[in-house]
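Taking it in order: structure first as structure tokens, then the write-up.
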Amino acid sequence: MADNSNYTALAKLSHEINRLNNHLDARISAVENQLESNSEDRQELMRLNASISNTVKQAKALQMDVKERQLAAQRPPTMMGIDGHFDRSYYQHPATKSIVKWFRKMGDIGALTTEERSHIDFNRIQYDSFPPEQKALISAAADLGGFFAGTDLSDKFIQKLFLVSPLRGLADVQTIGGEKLLVPSEGATDTNIFWSDEQSGFQASPDPNLGMIEIYARELNGYLKISKQNLEDSVFDIESFILKRLSRQFSQKEGTAFISGNGIARPEGILTLAATANTGGMNSVTTQDGTNFTIAPADVIQLMHAGKSAYRPTGTWLASNATIAALRLFSDLQARPVWQMFGDSFQETLFGRPIVEMPDMPNPTAVLTTGSATVVGNQAKFTASQLGPLIFGDIGQGYQIVDRVGLTFQTLKELYAIQNQVAYLARMRVGGKVVLPEAISILKIHA
């Protein structure tokens with residue numbers, strides 16, 4: 001009977017809503033037909049809107065009650081009810097009602113009113129008012145209760161690592177105030193002086209040849225958009241995550257450019273200069289193995305001594321992770337390792353100079369599994385004529401980085417507001433170039 005009365009009331013409310021909507025449409029049409037609206041029409045319109053809103057709220061509340069009763073009717077019968085749901089028509093103590101609400105709110109005391117909080121007393125609860133426990137839902141199936149199964153959200157966020165070539169930490173970095181940096185440099189010829197005896201006069205010294213190196217600040221930028229719902233509903237600080245990932249992307253891009261940038265709208269890399277005639281003035285050593293194209297310890301020693309000795313005490317090795325591994329696998333013809341690493345004495349050095357991993361440098365292409373009379377096995381193989389798997393030199397004197405504008409972020413909230421999105425702009429202006437080629441030595445694989 002209660003369900004029938006609810007359906008009848010719901011039908012009446014629906015009919016009333018339709019009647020009010022029709023009346024409102026008629027009134028709006030009448031108002032629009034008038035040349036000038038008056039205050040009485042506006043008040044009437046507001047009154048009708050308020051009436052419709054209240055009626056809709058009542059209808060929704062009634063619909064929710066009907067749904068709850070339908071769900072209750074589908075539950076298994078209990079010992080204290082005959083119509084499929086627990087009969088709450090009899091009196092319940094306020095403490096019992098408060099405890100029931102507290103349980104339903106998952107123990108959130110803030111969801112209770114002040115009066116309900118004052119009634120929470122487990123000593124006064126009527127335990128006999130609760131029906132016996134009957135498990136009718138399972139979490140394995142969504143339609144049988146899985147929707148109600150609780151889930152845990154980890155506070156650990158899995159992030160992939162960026163491999164960044166850290167050349168900035170080794171090179172000379174200068175902040176500029178214009179579009180480029182001019183670096184005076186010595187040319188191909190230098191001045192000279194002469195020995196003379198008592199009767200000879202002065203000899204004219206040749207004029208030194210001077211040059212000017214230009215390093216332009218190139219722009220690196222990007223932007224991304226994200227919906228406001230994601231910003232508002234994310235359990236993580238997604239804005240900080242985005243800015244952090246953008247910063248890492250900038251570090252990765254500039255690191256790649258310092259190694260292999262072509263110099264067009266980006267910095268010029270060390271390997272780009274090495275690919276020019278005479279390796280761009282840099283020192284070079286070619287490996288000895290022309291059959292398997294491996295690197296031998298003798299090649300590494302020759303590379304270290306290819307440049308002027310003044311650069312050696314401040315030199316640094318640059319290589320990819322795979323190449324560093326190949327260097328550490330150096331062994332003699334009896335398969336004994338060349339470098340013994342025991343205890344805590346191991347350091348990231350090669351012949352006493354630090355070795356820094358550069359992910360953007362060339363990697364070996366294969367592993368030599370079978371050795372020969374002169375080459376041991378398990379050595380890394382490279383491509384014939386490959387340039388730059390190993391670099392040694394004083395990077396601080398040899399490579400110059402210029403910063404015009406540091407990494408900056410800008411938030412655009414209005415431009416994409418109609419799309420309900422927020423945009424994040426990121427940009428920087430940076431340049432780089434080899435300024436002293438003789439301070440850097442590069443290894444070339446045998447052709």
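Laboratory data are not the source of any read-out in this text; all were calculated from the coordinates shown. This structure is a prediction, so every number in the text was calculated from the model and none was measured. Cβ sites come from the backbone with ideal geometry, for glycine too, and all protein chains shown count toward neighbours.
Structure notes:
- Residue-span extension gain [Lys97 to Gln63] - 0.36 nm each, minus C-alpha spacing: 9.9 nm
- Three-way shape label, the stretch 165-447, alpha-carbon gyration tensor, a/c 1.5: oblate
- Simple spin-label estimate for Asp207 and Glu44 gives 9.8 nm between the two label positions (7 Å along the Cα-to-Cβ direction from each Cα).
- Among Trp317, Trp102, sorting on how many other beta-carbon atoms sit within 10 Å of each Cβ, with the fewest leading, yields Trp102, Trp317.
- Order of Phe392, Phe241, Phe351, Phe194 under a 10 Å beta carbon neighbour criterion, fewest first: Phe194, Phe241, Phe351, Phe392
- Non-local lysine pairs in the stretch 165-447, meaning eight or more places apart or on different chains, with alpha-carbon distances under 26 Å, amount to 15.
- Cross-link partners of Lys101 among lysines, defined as those whose alpha carbon lies under 24 angstrom from its own and excluding same-chain residues fewer than eight positions apart: Lys57, Lys60, Lys67, Lys135.
- Computed label-point distance, nm, for sites Leu387 and Gln288 using a 7 Å Cα→Cβ extension: 2.5 nm
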